[in-house]
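This report concerns only the one structure given below.
The values are calculated or read from the model by the stated rules, or taken from the named source; none is laboratory data. Model, not experiment: these values are computed from the prediction. All Cβ positions, glycine included, derive from the backbone under ideal geometry; neighbour counts span all protein chains shown. With ligands, DNA and RNA removed, areas are computed over all heavy atoms of the protein, side chains included. Shrake-Rupley method; radii C 1.70, N 1.55, O 1.52, S 1.80 Å.
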Amino acid sequence: MLRSIDTAAAPARTLPTSYAAHADLRHGLLQPQARISPKYLYDARGCELFEQITRLPEYYPTRTEAAILADAGPAMAQALRGHEVLIELGAGNCEKVRVLLRRLRPRHFVGVDIAGDFLRQAVHRLAEEFPGLDARAVQADITQPVRLPPDLPLAGRLLFYPGSSIGNFDPADALAMLERMHGLLGPRGGLLIGIDLPKPLHWLEPAYDDAEGVTARFNLNVLRHVNRLIGSDFDEDDWAHLAFFNKDHSRIEMHLRARRALTVTWPGGARRFVAGQTIHTENSYKYALPRFQHMLTEAGFTPGEVWTDPQHWFAMVHAHA
């Protein structure tokens with residue numbers, strides 16, 4: 001029997017309310033280094049643009065991870081057997097999890113994502129594709145504690161967090177997130193997570209600044225989203241996309257750079273920008289495998305199997321709760 005259920009999370013765990021978003025964004029915009037949290041990149045239009053990014057020739061992470069999931073499928077299925085509950089964090093269109101659903105055939109699936117409508121459509125498609133699967137959508141901000149459906153079995157849960165999205169968080173925040181993940185698991189619980197490994201600069205930077213300008217449109221779109229959330233008057237034409245590798249922190253940084261001196265206003269506040277000043281919108285850390293495995297241990301996990309591609313550009317890491 002097909003079942004696609006939208007399980008609403010507690011208000012504090014769903015999309016930010018107008019008040020919460022206003023406070024969060026105002027605080028970020030008024031920092032010495034202005035910032036906008038990357039979670040605001042993913043409104044409906046942002047999700048569509050990111051889907052386009054994943055198909056670009058420069059963007060290696062998606063196709064490399066997909067190849068690992070396909071090539072190492074039998075070995076993964078053996079290592080991950082016994083998991084009856086599959087939970088994907090930041091599920092988006094639920095495309096990547098299909099491989100695991102086919103291999104593992106769990107009884108329950110929960111997709112968790114901040115973009116509720118986008119997620120609900122994807123989970124409904126999964127429910128049609130996998131008859132008998134208890135498929136549910138939980139709209140939630142995964143940067144905060146997530147409340148899963150109370151009737152979801154605790155034992156045998158596998159958390160799936162692909163796409164190297166853990167790299168979007170500063171190391172301290174990434175560790176805190178891994179700790180929260182560990183808290184969602186019970187007996188025989190596990191984590192399967194994707195990480196982007198260090199690699200030559202000439203491969204890294206084009207992946208975040210493609211020739212077609214799709215990533216630039218994705219980054220600039222956040223300004224429209226912020227305008228809707230807090231009533232600000234950002235004009236995309238005043239800003240340019242900027243992406244570069246910060247060697248000291250082993251991360252790609254994405255910024256929006258002011259093309260001219262300007263003032264951005266919103267109800268109750270304003271920020272003056274000089275020409276060339278930036279708003280920091282996203283990081284993407286590139287972790288060496290030993291460092292990341294140490295983080296897993298600090299979060300309470302026991303590192304397990306690792307699967308990677310022939311060039312060692314990307315890794316899927318299994319850990320036991």
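Details
- Within the range 153-180, the residues that satisfy the criterion of being assigned to a loop (DSSP other than H, G, I, E, B) and not small (Gly, Ala, Ser) are Pro153, Leu154, Pro162, Phe169, Asp170.
- Qualifying residue in the range 135-154 (condition: open to solvent by 60 Å² or more (accessible area, probe 1.4 Å), within 14 Å of the chain's Cα centre (by Cα) and closer than 26 Å to Ile195 by Cβ): yes
- Every listed requirement among (1) surrounded by 13 or more Cβ atoms within 10 Å (Cβ to Cβ); (2) touching a residue at least 12 places away in the same chain (Cβ under 8 Å) is met by Ala275 save one, (1).
- Residue list for the range 37-57, restricted to those being within 24 Å of Ala67 (Cβ to Cβ), part of a loop (DSSP other than H, G, I, E, B) and either touching a Pro at 6+ places or on another chain (Cβ under 9 Å) or of a type outside the set (Lys, Arg) (or both): Leu56, Pro57
- Evaluation of Asp209 against (1) open to solvent by 20 Å² or more (accessible area, probe 1.4 Å); (2) over 18 Å from the mean Cα position of the chain (by Cα); (3) within 22 Å of Leu89 (Cα to Cα); (4) not hydrophobic (A, V, I, L, M, F, W, C) (one fails), failing number: (3)
- Subset of the range 107-119 [crowded, with 17+ Cβ neighbours inside 10 Å and in a helix (DSSP H, G or I)]: Gly116, Phe118, Leu119
- Selection over the range 58-82 of residues that are more than 21 Å from the chain's Cα centre (by Cα) and either in a loop (DSSP other than H, G, I, E, B) or at pLDDT 95 or above (or both) gives a count of 4.
- Count of residues meeting criterion [basic (Lys, Arg) and surrounded by 18 or more Cβ atoms within 10 Å (Cβ to Cβ)] in the range 237-269: 1
- For Asp248, the requirement of being within 26 Å of Thr64 (Cβ to Cβ), among the acidic types (Asp, Glu) and under 22 Å from the mean Cα position of the chain (by Cα) is not met.
- Selection of the range 94-106 for residues being in a loop (DSSP other than H, G, I, E, B) and surrounded by 19 or more Cβ atoms within 10 Å (Cβ to Cβ) yields Cys94, Lys96, Pro106.
- Residue that is farthest from Arg157 (Cα to Cα), among those in the range 294-311 that are in a helix (DSSP H, G or I) and open to solvent by 50 Å² or more (accessible area, probe 1.4 Å): His294
- Scanning the range 28-56 for residues that are without any contact (Cβ under 8 Å) to a residue 60 or more places away in the chain, open to solvent by 30 Å² or more (accessible area, probe 1.4 Å) and more than 15 Å from the chain's Cα centre (by Cα) yields a total of 3.
- One residue from Val306, Val264 being among the hydrophobic types (A, V, I, L, M, F, W, C), modelled with pLDDT of 95 or more and under 30 Å from Arg228 (Cβ atoms): Val264
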